[in-house]
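Please treat every number below as a calculation from the coordinates, not as lab data. Note that the structure is a prediction, hence the values are computed from the model and not measured. Heads up, the Cβs are rebuilt from the backbone with ideal geometry, glycines too, and the neighbour counts pull from every protein chain shown.
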Amino acid sequence: MEILNYAFMQRALLAAVLVGITAPAVGIYLVQRRQALMGDGIGHVAMTGVGLGFLLTWSPVWMATLVSVLGAVLMELIRWYGKTRGDIALAMLFYGGMAGGVMFINLAPTGSNANLTSYLFGSLSTVSESDVTAICLLAAFVVLVTLGLRRQLFAVSQDEEFARVTGLPVRALNLLTAVTAAVTVTVAMRVVGLLLVSALMVVPVAAAQQLTRSFAATFAVAVAIGVTVTISGTVTSYYQDVPPGATIVLLTIGAFVLLTVLAVPLARRRARAATAAQPAADPAECKIPATRGATDEVGV
Amino acid sequence: MSDEPVISLRGVRAELGSRPVLRGIDLTVGRGEVVALLGANGSGKSTAVRTVIGQVPVTAGEVELFGTPRRRFRDWSRVGYVPQRTTAAGGVPATVTEVVSSGRLSRARFGVLRKADREAVRRALDLVGMADRAKDSVDALSGGQHQRVLIARALAPEPELLIMDEPMAGVDLASQEVLADTLREQVAAGTTVLLVLHELGPLEPLIDRAVVLRDGCVLHDGPPPKAVGQHALPGHDHVHPHAPAGAEPIRTGLLS
């Protein structure tokens with residue numbers, strides 16, 4: 001494995017593994033609460049953070065974390081209070097974030113659109129030592145929240161109204177989910193890129209759902225898919241000299257298609273078993289499509 | 001202390017958007033009582049229940065649970081809640097056990113479920129006759145079975161008070177009987193029950209008192225109306241409990 005002889009590839013692979021774990025771990029709660037596109041919105045807002053990082057000669061990773069956390073909190077607040085034109089407010093936040101990023105990076109003495117491109121689509125060679133430290137710390141936070149509070153986050157994402165009656169701090173947990181998603185965006189930013197990070201939050205979960213019946217199994221399979229595609233995508237990117245973010249995302253979608261095809265006989269067998277066990281079952285009930293339109297996700 | 005009402009609403013007003021939905025209602029549920037909240041669609045019966053659990057803010061009046069003002073009430077493990085069935089569908093598969101376990105969180109410290117909690121979850125599934133489906137995905141269940149799962153979730157913390165919003169809506173006859181039996185056992189054990197119902201149906205023999213709402217005001221508070229009288233209630237439109245799921249009100253936002 002000559003690939004491991006290069007320090008930059010060691011860093012890139014470590015970052016890739018952490019992305020593969022954290023993105024689906026947060027994504028599963030976003031998918032569960034039908035906010036699959038939230039990661040995409042945060043990615044746009046994070047661009048302003050990257051631009052500000054260049055302008056103020058701060059670490060772009062930490063600056064992006066700060067700005068995207070603020071953006072995520074703002075989005076959650078809009079979801080609470082902005083019942084009427086919430087989608088318009090979110091759109092302004094997204095595109096304002098993107099425009100701010102382009103503007104700040106062009107004002108910065110050391111920045112150019114070329115720098116920005118590596119943040120938008122990911123890059124292997126640019127993961128620095130300090131980036132790796134930041135990514136490790138942030139990933140540890142994400143894993144702690146998504147695993148440690150899994151029962152609470154599951155309850156709130158499944159049925160917010162019921163969760164309130166179990167005495168859970170629903171608003172605090174919603175905010176925590178938003179903040180954790182924002183942190184994950186910046187973890188994934190260097191390898192996958194801001195514009196593609198959302199795919200790694202959503203597609204492994206959708207792929208895992210083709211096989212699983214429980215939340216716990218979906219979580220485990222989605223993380224397994226995430227780690228597999230980020231490692232194989234990073235390695236492929238190194239040998240074939242193709243951009244890592246695009247490679248990883250295409251591999252993830254490939255995994256989704258593969259599992260969907262594999263799941264057809266499995267679904268048939270389960271359907272037969274269900275009809276045998278429950279002749280009066282209503283087949284039109286409760287089936288939720290794995291892919292959803294954009295309007296479902298950003299709704300208030 | 002056991003003399004104080006389990007639920008007490010005094011002069012409660014509430015709005016959805018800027019439309020007044022409750023216009024000063026009084027409602028008291030005593031310990032061990034089974035009270036049905038009746039009324040036509042839009043009469044405010046679901047909203048009344050949702051002010052009790054704090055899902056709908058109150059613009060005037062007082063809401064008390066177990067003698068504590070609702071804002072300061074923290075003892076949620078004493079309350080089991082069954083929302084209208086449309087509210088509980090996530091975008092990720094979940095098993096029956098996983099859904100029912102979330103009902104036990106009010107008793108579990110820091111969200112850690114111990115052996116006793118797992119046993120309580122199993123007992124709750126037994127009560128509604130769904131123990132054999134414990135590992136199945138809730139997506140694979142019929143409407144009636146899904147409702148039984150939501151009731152098991154409410155029973156998991158072994159509550160003193162059960163609040164149910166239209167538990168019989170879209171439920172097949174077999175499940176209706178299981179639900180009526182489950183409720184009978186709970187009532188016999190001393191559980192207080194507040195039910196939102198569209199019609200009394202198979203639960204009629206269990207009900208001590210009926211409160212009928214109309215346009216956000218209490219129209220009747222007393223013994224449950226007899227089967228004949230029930231149909232004579234103003235604004236009563238007859239919908240069979242096994243009507244298709246599409247007949248349920250469509251929820252459009254957080255507070256609707």
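Neighbouring Cβ atoms within 10 Å as the yardstick, rank B:K135, B:K115, B:K45 fewest first.
Ordered by Cβ neighbours within 10 Å, fewest first: B:K115, B:K135, B:K45.
Which angle from 0 to 90°, rounded to the nearest 10, does the C-alpha axis of helix B:115-127 make with the longest principal axis of chain B?
Value to nearest ten degrees: 60.
What average count of beta carbons from other chains do you get within 10 Å of the Cβ of residues in B:98-111?
5
From a point 7 Å beyond the Cα of B:L219 in the direction of its Cβ, which residues of segment B:40-60 have a backbone N at a distance under 15 Å?
B:40-46
Within chain A, what's the longest run with no chymotrypsin sites (Phe, Trp or Tyr not before Pro) in a DSSP loop and at most 15 other beta-carbon atoms within 10 Å? Give the range, please.
By the stated rule (loop sites, at most 15 other Cβ atoms within 10 Å), A:59-300.
Name the residue farthest towards the positive end of the dipole of chain B from the options B:A189, B:P205, B:P223, assuming +1 on Cβ of Lys and Arg, -1 on Cβ of Asp and Glu, about the Cα centre.
After comparing all options, I get B:A189.
Are there DSSP H segments in chain A that both extend 20 Å or more along their axis (alpha-carbon positions) and score a mean Kyte-Doolittle hydropathy of at least 0.5? List them, or say none.
Going by DSSP H runs, the hits are A:7-32, A:38-55, A:60-81, A:86-107, A:129-148, A:170-189, A:215-240, A:244-277.
If you place +1 on the Cβ of every Lys and Arg, -1 on the Cβ of every Asp and Glu, and leave all else neutral, what size is the dipole of chain A about its Cα centre, to the nearest 20 Debye?
It works out to roughly 760 debye.
Return the Cα extents of chain B along principal axes one, two and three, sorted largest first, each rounded to a whole Å.
46, 39, 37
Return, ordered by residue number, the residues of segment A:200-233 whose backbone nitrogen is under 12 Å from a label point located 7 Å along Cα→Cβ of A:F141.
none
Just to be sure I understand the model, the point goes 7 Å from the Cα along the line to the Cβ. What's the resulting A:I253 to B:R31 distance in nm?
6.4
Please report, in debye to the nearest 20, how large the charge dipole of chain B is about its Cα centre when each Lys and Arg carries +1 at its beta carbon and each Asp and Glu carries -1 there.
880
So if we plug the beta-carbon distance of A:S128 and A:A217 into 1/(1 + (r/R0)^6) with R0 = 30 Å, what FRET efficiency do we get, rounded to 0.05?
0.20
Okay, helix-only estimate at 222 nm for the protein assembly as shown: each DSSP H run of n ≥ 4 adds -39500 (n - 2.57), divide by all residues, round to 500 deg cm²/dmol; what do you get?
My calculation for the protein assembly as shown gives -17500 deg cm²/dmol from helical runs alone.
Work out the FRET efficiency for A:L107 and A:V242 from their Cβ-Cβ distance, taking R0 = 41 Å, and round it to the nearest 0.05.
That gives a FRET efficiency of 0.85.
In debye, nearest 20, what is the charge dipole magnitude of segment A:38-141 about its Cα centre with +1 on Lys and Arg Cβ and -1 on Asp and Glu Cβ, if you could check?
300
Whole Å is fine, so just give me how far the alpha carbon centre of segment A:198-250 lies from that of segment A:63-124.
24
Quick one: work out the % antiparallel among DSSP beta bridges in segment B:7-244, nearest 5.
Once the DSSP bridges in segment B:7-244 are tallied, antiparallel ones form about 55 percent.
With springs connecting C-alpha atoms under 10 Å apart, model chain B as a Gaussian network and identify which of B:D132, B:D26, B:D165 has the largest mean-square fluctuation.
Maximum fluctuation in the GNM of chain B, among the listed residues, is at B:D132.
Please work out the ratio of the alpha-carbon Rg of segment A:2-195 to 2.2 N^0.38 Å and round it to two decimals.
1.05
Relative to the present Cα-Cα distance, how much length would full extension add between B:R13 and B:R78 at 0.36 nm per residue of separation?
20.9 nm
Do me a favour and compute the ellipsoid semi-axes for the protein assembly as shown from its Cα gyration tensor, root of five times each eigenvalue, largest one first, whole Å.
48, 26, 19
Sort out for me the Cα centre separation of segment B:134-176 from segment A:15-52, rounded to whole Å.
34
Quick one: which residues, 5+ away or cross-chain, put their amide H under 5 Å from the amide H of B:V218? H built at 1.01 Å from N.
Here B:D26 satisfy the definition.
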